[in-house]
Amino acid sequence: MNRRQFLSAGAVSLPAPVLAATDALKNQVKITGFETDVLRFPPGRPFADAIHDFGKEGGGVVLRLRTDAGVTGWAYSSFGMIGGGPRVLESILQNEVKPALMGKDPSFPKRLRSDLWKALEYAGVQGITQFAIAAVDIAVWDILGKAAGLPVYKMLGAYADRMPIYSMCGWYYENDGDLAQFKQSVGSAIEEGFEAVKIKVGRSSLDDDVNRISAAQAIAGKGRRVMVDANQKFNLNEAIRRGRVYQQMGCFWFEEPLVPQDHAGYAELAHELDIRIATGENEYTKYAYVDLISRRGADVVQPDDRRSGGVTEWMEIGAIADGFGLELASHGGGPTNLHMLLAMPNAIYMETGSLKGDSSSVEKLRPSGSAVLAPEMPGIGSELRPDYIRKFKV
Ligand SMILES: [Mg+2]
């Protein structure tokens, strides 16, 4: 059976344009179009973690890479709380990235990453600049998957066909001294079928943390997991003091106790405590992880698909973690994170919120118990619904 027959015989029957694109990928393909949209979301219900206040105006940037093979790759970078962030990212994409990318072959993601690092190095490859590099990489993988007619997790070296999920549901809310809103939120996640929930801690006293954890554990009941996330709030001494209590209470992991840059502190904390230390959502590129992991500063590694550098760099980070025997979980959810997690043997969880509402993506996640099933559509699931873009486009 040749490759074309193999693709045609698969579970997904390929429409004619995709087969044409598959043929085109055998030759040189060129990026011929580069489009961005800025989205803006109106303010909503306020919520918070230990250091951030959310619910004000948010936004995001959509990137579409068009090719002469007729395949379009998509990426989407969301900004939960920086009003001006999307405009900055769009400017970097249009003024710095586009000139370095047009005419290039998307079949070479690592070469494109190298080209973009060179083009952007003067601005730095951390911060929002890395969001731009990541967006291109995600869009490129979307092109490759669509052209091959395969969901990208099968091109990355598939390991699993379903991924356990947990719900980030226990935020801080306004006027919630009796934890009524907190309990309602944790309760609805359990009702939805989640067997693991994450709650925020660290905004107030240790006594307050204990109340929140006890309430969440009582709602979750036996056999379900509660993770705690301190969002960088503590110094090392306070993290050790509170971490001992969280571990005594049986929390599954203690997330981002310290500022992300304090790798020496993370190493000392991980040595001091038995509870899993989870971190990574604010680390940029594999080089940061090499330092963190080689110091043994984390037990669960949590790359963010924007900050870490897109699919290519994320997968390398996952493999470095695997080589050190560490567990892997995504920061945030959605189809793109799911594809990457499904291709890593050390992946234990995808983070998500409720999956009951409408998805912004064309590809909708398919929950099954406390897991989601592998995506079926070709590509990496980064394509947004046209009506969603129309509704929020600036
Ligand atoms: Mg976190």
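The values are calculated or read from the model by the stated rules, or taken from the named source; none is laboratory data. Just so it is clear, the model here is predicted, and its values are computed rather than measured. Note that each Cβ is placed from the backbone with ideal geometry, even for glycine, and that neighbours are counted across all protein chains shown. Side chains included, ligands, DNA and RNA excluded: accessible areas come from the protein's heavy atoms. Shrake-Rupley method; radii C 1.70, N 1.55, O 1.52, S 1.80 Å.
Taken along its three principal axes, the alpha carbon spread of the chain comes to 63, 45, 43 Å, from the longest extent down to the shortest. Shown for the chain: the carbon plus sulfur share of the solvent-accessible area, taken with all protein chains present and a 1.4 angstrom probe, equals 50%.
For the chain, the solvent-accessible area works out to 42 Å² per residue, with a probe of 1.4 Å and every protein chain left in place. Principal-axis analysis of the Cα atoms of the chain puts helix 236-248 at an angle of about 80° to the longest axis. A simple charge model with +1 on the Cβ of Lys and Arg, -1 on the Cβ of Asp and Glu and nothing else charged puts the dipole of the stretch 64-155 at about 160 debye relative to its Cα centre. Extents of the stretch 154-377, taken as max minus min of Cα coordinates on every principal axis and listed largest first, are 48, 40, 29 Å.
Each DSSP beta bridge with both residues in the chain is either parallel or antiparallel, and the antiparallel ones are about 55%.
Note on R162 and I240: the model spin-label points, each 7 Å out from Cα along the C-beta direction, lie 4.3 nm apart. Listed cross-link partners K30/K98; K98/K146; K286/K393 are compared with a 24 Å cut-off, the Cα-Cα value being larger for K286/K393. Compared with the dominant principal axis of the Cα atoms in the chain, helix 128-148 is inclined by about 50°. Residue-wise HN-Hα couplings along the stretch 212-219, as the Karplus relation 6.51 cos²θ - 1.76 cosθ + 1.60 with θ = phi - 60° gives them from phi, are 5, 5, 4, 4, 5, 5, 5, 5 Hz; Gly and Pro carry x.
Which FRET efficiency value, to the nearest 0.05, is calculated for D274 and A180 with the Förster distance at 35 angstrom and r the Cβ-Cβ distance? Please list the in-between numbers first.
Details: r = 33 Å, r/R0 = 0.94.
Efficiency at R0 = 35 Å is approximately 0.60.
Overall, the ratio between the Cα radius of gyration of the stretch 292-394 and 2.2 N^0.38 Å, rounded to two decimals, is 1.16.
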